[in-house]
């Protein structure tokens, strides 16, 4: 008899302004569930020192990238500083067919494109907010990775990013990273258990009903 736990995979979109904790939450979520795949973006830019094809990015030519877009093989894409970036659809389709979920670390524009794609009905989108703008600024400075000019640019961009919070299924205010992680896991667990995502459930129930004939 089919198991009721059989299901389709999910597309989990995680977005936030820089410094709100999105990358940390993504790493923790994947450590919690090693079966969760991460969507590795394709890009037309050249690899940087230490980068490995298929790990940081799928490095490709502009010609191939544009052909993939024309053939509907990119779930989302954008041009940034003269280079194209996008999420290939093939690995996501395979994961969904196998009942595995795929995590996307994208901005609101990428998230919108994925939601508007043919796979949009299987999307669960989560936006992460900082507890305050002052705290967001503090976190960016505490990382010690960027110049004051870069931080100022990230802060200006955050206003536009935060304005799209209402487009998401769930919104988490990341005041404490451990508590936010727990809430994120709860969302993923609940979405996996939705009746319409358990593909083996109807047949399982039919099997249960046949057992009444023996009583």
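The values are calculated or read from the model by the stated rules, or taken from the named source; none is laboratory data. Everything quoted here is computed from the prediction, not taken from an experiment. All Cβ positions, even for glycine, are placed from backbone atoms using ideal geometry, and neighbour counts span all protein chains on display.
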Any residue that is closer than 21 Å to residue 178 by Cβ and at pLDDT below 95 - is there at least one of those in region 102-117? yes
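Determine if region 172-192 includes at least one residue that is assigned to a strand (DSSP E or B), touching a residue at least 40 places away in the same chain (Cβ under 8 Å) and surrounded by 12 or more Cβ atoms within 10 Å (Cβ to Cβ). Full working, then the answer.
Of region 172-192, the ones assigned to a strand (DSSP E or B) are 172-173.
From what's left, touching a residue at least 40 places away in the same chain (Cβ under 8 Å): 172-173.
This time we only want the ones that are surrounded by 12 or more Cβ atoms within 10 Å (Cβ to Cβ), so: 172-173.
Yes: one or more hits.
Any residue in region 4-14 that is under 22 Å from residue 145 (Cβ atoms), in contact with a helix residue (DSSP H, G or I) (Cβ under 7 Å, 6 or more places away or on another chain) and in contact (Cβ under 8 Å) with a residue 40 or more places away in the chain? So that I can check it myself, show each step before the final result.
Just the residues of region 4-14 that are under 22 Å from residue 145 (Cβ atoms), to begin with: 14.
From what is left, the residues that are in contact with a helix residue (DSSP H, G or I) (Cβ under 7 Å, 6 or more places away or on another chain) are 14.
Of the ones still in play, those that are also in contact (Cβ under 8 Å) with a residue 40 or more places away in the chain are 14.
So far as region 4-14 goes, yes, one or more of its residues are under 22 Å from residue 145 (Cβ atoms), in contact with a helix residue (DSSP H, G or I) (Cβ under 7 Å, 6 or more places away or on another chain) and in contact (Cβ under 8 Å) with a residue 40 or more places away in the chain.
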Of the conditions (1) touching a residue at least 40 places away in the same chain (Cβ under 8 Å); (2) buried (at least 16 other Cβ atoms within 10 Å of the Cβ); (3) touching a strand residue (DSSP E or B) at 6+ places or on another chain (Cβ under 7 Å); (4) not in a strand (DSSP E or B), residue 19 clears all except one; give me its number. (3)
Matching residues, region 1-16, being touching a strand residue (DSSP E or B) at 6+ places or on another chain (Cβ under 6 Å) and either modelled with pLDDT under 75 or assigned to a loop (DSSP other than H, G, I, E, B) (or both): 10, 16
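Does residue 158 satisfy the condition of being touching a residue at least 60 places away in the same chain (Cβ under 8 Å), crowded, with 19+ Cβ neighbours inside 10 Å, under 20 Å from the mean Cα position of the chain (by Cα) and more than 26 Å from residue 37 (Cα to Cα)? So that I can check it myself, show each step before the final result.
Working: touching a residue at least 60 places away in the same chain (Cβ under 8 Å): yes; crowded, with 19+ Cβ neighbours inside 10 Å: yes; under 20 Å from the mean Cα position of the chain (by Cα): yes; more than 26 Å from residue 37 (Cα to Cα): yes.
Yes, satisfied.
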Can you go through 56, 66, 51 and tell me which one is out of contact with any strand residue (DSSP E or B) (no Cβ under 6 Å at 6 or more places or on another chain), surrounded by fewer than 17 Cβ atoms within 10 Å (Cβ to Cβ) and modelled with pLDDT of 95 or more? 66
Name the pairs: first residue in region 196-210 and at negative phi and surrounded by 15 or more Cβ atoms within 10 Å (Cβ to Cβ), second residue in a helix (DSSP H, G or I) and at pLDDT 85 or above, Cβ to Cβ under 8 Å, at least 6 apart or on different chains? 197/122; 197/191; 201/195
